[in-house]
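Following: one structure in structure tokens, then a few remarks.
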């Protein structure tokens, strides 16, 4: 038999410490580690990408996650944006892992510097890394770069000197990052100097990356238990059972990133010019003008993320001016042909192919340029024709019109024109019903003379 009062007393004594424990402590359970995934799927590195990655690194630091994984697939991008991203990774408060994935992805150009700066670098099979040789504005390459013929015997140009300086700085930068993370500094220098690109298996053998990981699960399993150096301290990663949080771009970041597409930027420029031309041809509509201004504003914003060749922009404007000049000079189509050629060349040269950015395709440039030239020619010709056309309203619209005399007229009388009776003057006598031609007016009085073919009477 149990002694009920004694059993209750012992239970009450055992429950008192639990009851006195704070509610948060009683319900707290060990939280699983969290990992943040930042996908960069075929993304060019530019200011919007920089903003996205910096925000992700800051959020990961604020939430004290186990690590942040950048799933990298990029053809390259701008050196200035890459430098900002690398600095944020080097000074990150949480470990940063770069995973070049999925299979078929690449870490080209700017992606090499991002991968070299990470605490842990991994690649999926079937990926590659390299081709980090910088390209100066204008597409030039200095010695040691892609210009295998070198400078020759001539004096180097300012463009070649600038390209050499950029290449030398990038080689030193790549080597410094590789040495800082204990990776192959010689390979990093060759990637920046000679555009060396290496597949994943060879990158592992040459100590460019730390290991191969086929997918995210494989990556998390291999990261588990790995020790990384974080600001002088040794940090052990626990990722095997980590909760994965995927961080995506906001809709504004996606929109801004979309504007960095060279073809879209070119089309925005063309639509902006066409909108302003339509407003010029038909003033007062407002909608085409507003649309054109908005397109040009978006195009100018996109140009900040792309490298613009100002010679191409000048040719684009010159081509439009030549098309407009045809309306005044009448060169029998020669100015129009020159304008179309200027539009074609300017459109093709507008975007510099730097850091993974490609020129605008000729399949877009050719039809758009020709169509824009023809539209501009049509719109402006309509404007010129409208300015030269005879006025059809008011008193000026009556000049040259044929009227009929109302009643006999000797010096002064009335004429019937446009359904109305007007006071009129004529130096010759006129009879009722006779046709006259209006020559001018003074106030509300018309000056007329006999119409051609009518009988002229002496005064």
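Counting every Cα pair in segment 34-252, what percent are over 27 Å apart?
Details: 7185 of 23871 pairs.
Here the tail beyond 27 Å accounts for 30 percent of pairs.
If we sort 235-242, 209-216, 111-118 on the protection proxy, mean other Cβ atoms within 10 Å, highest first, what's the order? Present the calculation step by step, with values, prior to reporting the outcome.
Values: 235-242: 16.1, 209-216: 18.9, 111-118: 28.4.
My ranking of the peptides, most packed first, is 111-118, 209-216, 235-242.
Please report, in cubic angstrom per residue, the volume enclosed by the convex hull of the alpha-carbon atoms of segment 396-450. Walk me through the numbers before you get to the answer.
Values: hull volume 3.4 nm³, N = 55.
That works out to 62 Å³ per residue.
Find the centroid of the Cα atoms in segment 226-287 and in segment 93-113, then give the distance between the two in whole Å.
One Cα centre to the other: 18 Å.
Once you treat every alpha carbon in segment 61-117 as an equal point and sum by Debye, what is log10 I(q)/I(0) at q = 0.12, 0.13, 0.14 Å⁻¹?
Values, matching the q order: -0.28, -0.33, -0.38.
Read-outs: derived from the displayed coordinates by stated rules, not from any lab. This is a predicted model, so every value here is computed, not measured. Heads up, the Cβs are rebuilt from the backbone with ideal geometry, glycines too, and the neighbour counts pull from every protein chain shown.
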